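Undergrad: Sharing a structure below in structure tokens format, with a few things to ask.
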Amino acid sequence: MTVPTVKLNNGVEIPQLGFGVYQVPDRDTAAAVGHALRTGYRSIDTAAVYGNETGVARALADSGLAREDLFVTTKLWNADQGYDATLRAFDTSLAKLGLDQVDLYLIHWPTPARDHYLDSWRAIERLAGEGRIRAAGVSNFQPAHLRRLLDHSDLVPAVNQIELHPGLQQAELRAFHAEHGIATEAWSPLAQGAVLDDAVITAIAARTGKSPAQVVLRWHLQLGHVVIPKSVTPDRIRQNFDVFDFQLTEEDLAAVATADRGLRTGPDPDTFNYA
Ligand code: NDP
């Protein structure tokens, strides 16, 4: 099975379905990522703050897969924002990953009260110019943060990775992304399980013979989102990859639209300034 790709605004293609490793301890990460790679996932989403870039590196090295067949994302942690600190943090991540280039590098959170993201982005522009980052993006940026970035830089983020699932459908951000050529990547695409017993989801699951998680992932794919579900459970890793043999109908999509309830499982980016 070849996963469809989304073409980013600089021509780089990202697999639409990838594998997330948030909250996976480093010692367990190689096993989970190894399982994902054997299942067929080729895109892995980690972050400096997850503390498991070395576990990801082990799985990549052990996989025997060619570097150009893999897509690796990591993220700049809040404490490392600022021009020089970003350059140093990037070097550290690259060394832990055992790579000489990442496919996608993201500013993890805007942390607006700390107000360093313009300087961080300048460092990222430099790294992209040096060819050490194939695509540069942000995460958890609200429209106001994106607007400010666009006002100060010619480098439009390729991606904004945001909390997005049927319980939090982010209409305003998705419209902003569409207007500016920014790909929407969904974190906690399953709301960490919190939407899997929603009645609209379980009804579609019952009708299609798919699991609620597969229905939710299919919804993301049909809306054009990049998704990175996480699991350490082999059956679920496989199940979450098996989402290309069915379609949601227009009625299904309209029903899922009614499940939006402002459900945040993570912090609010406007007020999250933790470093
Ligand atoms: P997800 O929405 O991917 O949900 C993961 C949880 O759902 C785990 O508890 C997992 O359990 C369970 N699960 C996975 N598959 C199934 C299934 N088929 N059926 C039932 N339960 C299932 O949450 P995450 O928060 O992990 O988000 C995904 C990824 O997004 C992260 O790993 C990370 O890479 C990224 N992320 C980015 C953030 C950011 O700020 N940029 C913030 C949060 C996440 P189990 O593992 O036990 O199988």
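The values are calculated or read from the model by the stated rules, or taken from the named source; none is laboratory data. Computed from a predicted model, the values in this text were never measured in an experiment. Backbone-built Cβ (ideal geometry, glycine too); neighbour counts: all protein chains shown.
Undergrad: Of everything in the stretch 33-71, what is out of contact with any helix residue (DSSP H, G or I) (no Cβ under 7 Å at 6 or more places or on another chain), in contact (Cβ under 8 Å) with a residue 40 or more places away in the chain and of a type outside the set (Ser, Thr, Tyr)? Give them in sequence order.
TA: Those that are out of contact with any helix residue (DSSP H, G or I) (no Cβ under 7 Å at 6 or more places or on another chain), in contact (Cβ under 8 Å) with a residue 40 or more places away in the chain and of a type outside the set (Ser, Thr, Tyr): Asp45, Ala47, Val49, Phe71.
Undergrad: Looking at the stretch 28-45, can you tell me whether even one residue there is of a type in the set (Ser, Thr, Tyr), under 20 Å from Trp109 (Cβ atoms) and within 13 Å of the ligand (Cβ to nearest atom)?
TA: So far as the stretch 28-45 goes, no, none of its residues is of a type in the set (Ser, Thr, Tyr), under 20 Å from Trp109 (Cβ atoms) and within 13 Å of the ligand (Cβ to nearest atom).
Undergrad: Suppose we filter the stretch 1-23 for residues that are small (Gly, Ala, Ser) and either surrounded by fewer than 18 Cβ atoms within 10 Å (Cβ to Cβ) or touching a His at 6+ places or on another chain (Cβ under 9 Å) (or both); how many remain?
TA: So the count comes out to 1.
Undergrad: Any chance you could count how many residues in the stretch 227-256 are out of contact with any Lys or Arg (no Cβ under 6 Å at 6 or more places or on another chain) and under 18 Å from Gly193 (Cα atoms)?
TA: Residues in the stretch 227-256 being out of contact with any Lys or Arg (no Cβ under 6 Å at 6 or more places or on another chain) and under 18 Å from Gly193 (Cα atoms): 17 in total.
Undergrad: Right, another one. For Thr2, all conditions in the list (1) modelled with pLDDT of 95 or more; (2) of a type in the set (Ser, Thr, Tyr); (3) more than 16 Å from the ligand (Cβ to nearest atom) hold save one; what is the number of the exception?
TA: (1)
Undergrad: OK, next. Hey, among the residues in the stretch 223-233 that are within 9 Å of the ligand (Cβ to nearest atom) and more than 16 Å from Thr2 (Cα to Cα), which one's farthest from the chain's Cα centre (by Cα)?
TA: Here the residue is Thr233.
Undergrad: Let me ask something else about it. For the stretch 235-275, give me each residue that is in contact with a Ser or Thr (Cβ under 7 Å, 6 or more places away or on another chain), of a type outside the set (Lys, Arg) and not in a loop (DSSP other than H, G, I, E, B).
TA: Hits for the stretch 235-275 are Ile237, Gln239, Asn240, Phe241.
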